[in-house]
Amino acid sequence: MTELVEHGQLFIGGEWTDPLGTDTIRIVSPHTEQVIGSVPHASRADVDRAVAAARKAFDEGPWPRTTLEERVAVVSRIKDAIAVRHEEIARSISSQNGSPYSWSVLAQALGAMMVYDSAIKVAADYPYEERRQGVLGSILVRREPVGVVAAVIPWNVPQFVAAAKLAPALLTGSTVILKPSPEAPLDSYILADIAREAGLPEGVLSILPADREVSEYLVGHPGVDKVAFTGSVPAGRRVMEVAARNLTRVTLELGGKSAAVILPDADLDATVAGIVPAAWMNNGQACVAQTRILAPRGRYEEIADALAAAAGALVVGDPLDPATQLGPLVARRQQQRSLDYIRIGQEEGAKILSGGGRPKGLERGWYVEPTLFGDVHNGMRIAREEIFGPVVCLIPYGDEAEALRVANDSEFGLSGSVWTADVEHGIDFARGVRTGTFNVNTFSLDMLGPFGGYKNSGVGREFGPEGLSEYLEHKMIHLPAGA
């Protein structure tokens with residue numbers, strides 16, 4: 001029985017504060033379908049308070065004027081506290097969104113810690129000011145903090161995505177209003193405690209759980225200088241539209257329909273061992289999931305059999321059980337979405353190789369079996385639309401040129417992989433794929449390099465020096481002759 005967690009206040013400007021509204025958010029376990037917690041629902045008036053606090057802290061407060069070393073010290077304390085409390089954070093997230101606990105420990109909690117650690121390394125080496133020889137004389141180029149940041153995060157990897165936005169914003173001297181999803185706000189209260197104990201000055205951070213309407217109000221607030229958003233493509237379009245009214249800068253990390261391309265010379269055992277966790281990671285609720293698997297026709301049957309067996313062997317169950325590999329989806333609507341796509345795939349003529357419904361013995365909870373479709377062609381809806389659930393397509397191809405065409409035949413361009421005995425050939429294949437992140441014989445996300453999407457998968461980058469730059473304004477100062 002999960003203990004009921006109830007919070008009555010909001011974290012505004014670094015202080016616990018009574019909300020100005022009366023609405024609450026009830027958090028429901030995707031495993032038991034029972035209420036496991038509640039938090040206040042931030043109102044527009046609460047947004048106004050948070051933006052005012054962030055604006056004052058940026059315009060008048062010490063944070064943007066501290067040294068990099070001082071900001072690094074605070075962010076390091078946040079990172080270290082997450083490491084200490086990682087099990088608590090992992091349990092909180094798994095109880096809300098159904099992530100398997102073992103995955104939450106590594107990706108949700110310790111993954112967030114790695115984001116902060118990597119950002120600290122990048123910030124330490126970043127050129128915040130440099131002199132250049134211009135056409136007419138010397139110039140000084142400065143990079144300065146962007147200002148007040150509205151960071152809107154999703155429910156699937158809340159701490160990881162929060163870190164991806166908080167770390168560069170804080171390290172560069174900006175102030176932040178963090179807006180967690182209403183499906184998964186409980187872990188943000190742990191983060192608030194950590195941030196307060198780390199010594200962030202007054203006004204630098206506010207955390208406001210709220211729905212889409214209040215999110216839109218925050219994104220369109222004239223006191224916000226930058227919006228950092230992670231979510232669906234339709235929501236990203238709306239964020240860009242609303243932010244454009246104030247010409248507010250945006251970075252958008254959106255959806256994906258990534259292709260894992262198996263070349264004819266690939267080692268089957270190693271390939272399956274690498275692709276399966278990449279395809280069904282976080283119950284399929286991951287924008288980078290490898291949900292289109294491309295197999296050469298000459299090896300199609302053996303690849304199909306191996307993937308179907310591996311998918312069928314995944315342990316489905318209680319997300320808080322360490323043995324679980326696939327938990328429930330975050331909400332009933334997400335469960336129904338996956339089941340609808342399974343029906344659509346069958347109607348389109350695809351063949352279910354594994355799964356295809358609700359797991360036996362798990363009638364309660366928002367579960368869907370890890371499902372693999374075979375005989376898929378890239379024109380099917382199940383191959384083109386982001387399902388965001390444990391539904392994966394196996395697509396046969398003829399030659400390598402066709403594999404490359406299919407991999408690129410998508411409105412998305414976020415991630416992907418190639419599996420081959422020849423790494424150099426894999427690198428050459430990777431150069432031809434139009435995605436922001438790609439893997440050769442592996443699946444990972446390195447936080448010292450840029451992460452983001454081509455096409456409808458987003459605008460801008462996170463991680464690495466490229467991600468840090470998104471939180472900086474660039475200023476040119478012309479110098480007199482001889483300076």
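Residues satisfying the criterion are absent from the range 185-196 (criterion: outside any helix (DSSP H, G or I) and under 25 Å from Lys455 (Cα atoms)). With respect to the conditions (1) touching a residue at least 12 places away in the same chain (Cβ under 8 Å); (2) out of contact with any Lys or Arg (no Cβ under 9 Å at 6 or more places or on another chain); (3) closer than 24 Å to Asp48 by Cβ, Val176 falls short on a single one, namely (2). Can you find even one residue in the range 4-21 that is in the same structural domain as Pro222 (by TED's automatic domain parsing), of a type in the set (Gly, Ala, Ser) and within 18 Å of Arg212 (Cβ to Cβ)? Within the range 4-21, one or more residues are in the same structural domain as Pro222 (by TED's automatic domain parsing), of a type in the set (Gly, Ala, Ser) and within 18 Å of Arg212 (Cβ to Cβ).
No other residue among Pro168, Pro158 is at pLDDT 95 or above, within 17 Å of the chain's Cα centre (by Cα) and either farther than 21 Å from Glu60 by Cα or in the same structural domain as Asn282 (by TED's automatic domain parsing) (or both) apart from Pro158.
There is at least one residue in the range 117-127 that is part of a helix (DSSP H, G or I), of a type outside the set (D, E, K, R), closer than 19 Å to Leu166 by Cα and within 18 Å of the chain's Cα centre (by Cα).
Which one of these is closer than 24 Å to Val224 by Cα, among the basic types (Lys, Arg) and surrounded by fewer than 22 Cβ atoms within 10 Å (Cβ to Cβ): Arg131, Arg196? Working first, answer last.
Values: Arg131 fails: closer than 24 Å to Val224 by Cα.
Answer to the selection: Arg196.
Only one residue in Arg65, Arg49, Arg91 is assigned by TED's automatic domain parsing to the domain that holds Tyr189, closer than 21 Å to Pro158 by Cα and among the basic types (Lys, Arg). Which one?
On the way: Arg65 fails: closer than 21 Å to Pro158 by Cα; Arg49 fails: closer than 21 Å to Pro158 by Cα.
Answer to the selection: Arg91.
Scanning the range 379-404 for residues that are assigned to a loop (DSSP other than H, G, I, E, B) and buried (at least 19 other Cβ atoms within 10 Å of the Cβ) returns Met380, Glu386, Ile387, Phe388, Gly389, Pro390. Suppose we keep only residues that are without any contact (Cβ under 8 Å) to a residue 40 or more places away in the chain and acidic (Asp, Glu) within the range 417-444. Which one would you say is surrounded by the fewest Cβ atoms within 10 Å (Cβ to Cβ)? Among residues in the range 417-444 that are without any contact (Cβ under 8 Å) to a residue 40 or more places away in the chain and acidic (Asp, Glu), the one surrounded by the fewest Cβ atoms within 10 Å (Cβ to Cβ) is Glu424. Beta carbons closer than 7 Å, at least 6 apart along the sequence or on distinct chains, pair a first residue in the range 445-467 that is more than 15 Å from Ala123 (Cβ to Cβ) with a second that is small (Gly, Ala, Ser) and assigned to a strand (DSSP E or B) for Gly452/Gly458; Gly453/Gly413; Tyr454/Gly413; Lys455/Gly413; Ser457/Gly413. Each residue in the range 279-306 was checked for being under 18 Å from Ser338 (Cα atoms) and not in a strand (DSSP E or B), and 13 of them qualify. Scan the range 31-81 for residues that are β-branched (Val, Ile, Thr), closer than 30 Å to Arg332 by Cα and part of a helix (DSSP H, G or I) and the total you get is 1. Residues in the range 361-396 that are on the phi < 0 side of the Ramachandran plot, at pLDDT 95 or above and among the charged types (D, E, K, R): Arg364, Glu369, Arg381, Arg384, Glu385, Glu386.
Keeping to the range 1-20, report how many residues are of a type in the set (Gly, Ala, Ser) and either in contact with a helix residue (DSSP H, G or I) (Cβ under 7 Å, 6 or more places away or on another chain) or part of a strand (DSSP E or B) (or both). Walk me through it before giving the result.
Narrowing the range 1-20 to residues of a type in the set (Gly, Ala, Ser): 8, 13-14.
Restricting the remaining residues to those that are either in contact with a helix residue (DSSP H, G or I) (Cβ under 7 Å, 6 or more places away or on another chain) or part of a strand (DSSP E or B) (or both) gives 13-14.
The total comes to 2.
Filter the range 21-30 for residues that are assigned to a strand (DSSP E or B) and without any contact (Cβ under 8 Å) to a residue 24 or more places away in the chain; which is farthest from the chain's Cα centre (by Cα)? Ranking the candidates gives Thr24 first.
I need the full set of residues from the range 451-483 which are assigned to a loop (DSSP other than H, G, I, E, B), buried (at least 18 other Cβ atoms within 10 Å of the Cβ), out of contact with any Pro (no Cβ under 8 Å at 6 or more places or on another chain) and not small (Gly, Ala, Ser), in order please. Give the steps one after another, and end with the answer.
Just the residues of the range 451-483 that are assigned to a loop (DSSP other than H, G, I, E, B), to begin with: 452-453, 456-457, 460-461, 463, 470-471, 479-483.
Now drop any that are not buried (at least 18 other Cβ atoms within 10 Å of the Cβ), which leaves 452-453, 456-457, 460-461, 463, 470-471.
From what is left, the residues that are out of contact with any Pro (no Cβ under 8 Å at 6 or more places or on another chain) are 452-453, 456-457, 460.
Correct list: Asn456 only.
Looking only at the range 212-230, filter to residues that are assigned to a helix (DSSP H, G or I) and aliphatic (A, V, I, L, M); which one of those is nearest to Trp155 (Cα to Cα)? Residue satisfying both the conditions and the ranking: Val214.
The values are calculated or read from the model by the stated rules, or taken from the named source; none is laboratory data. This one's a predicted model, so the numbers in the text were calculated from it and none came from an experiment. Because the Cβ atoms are built from the backbone with ideal geometry, glycine has one as well, and the counts that use them run over all protein chains shown.
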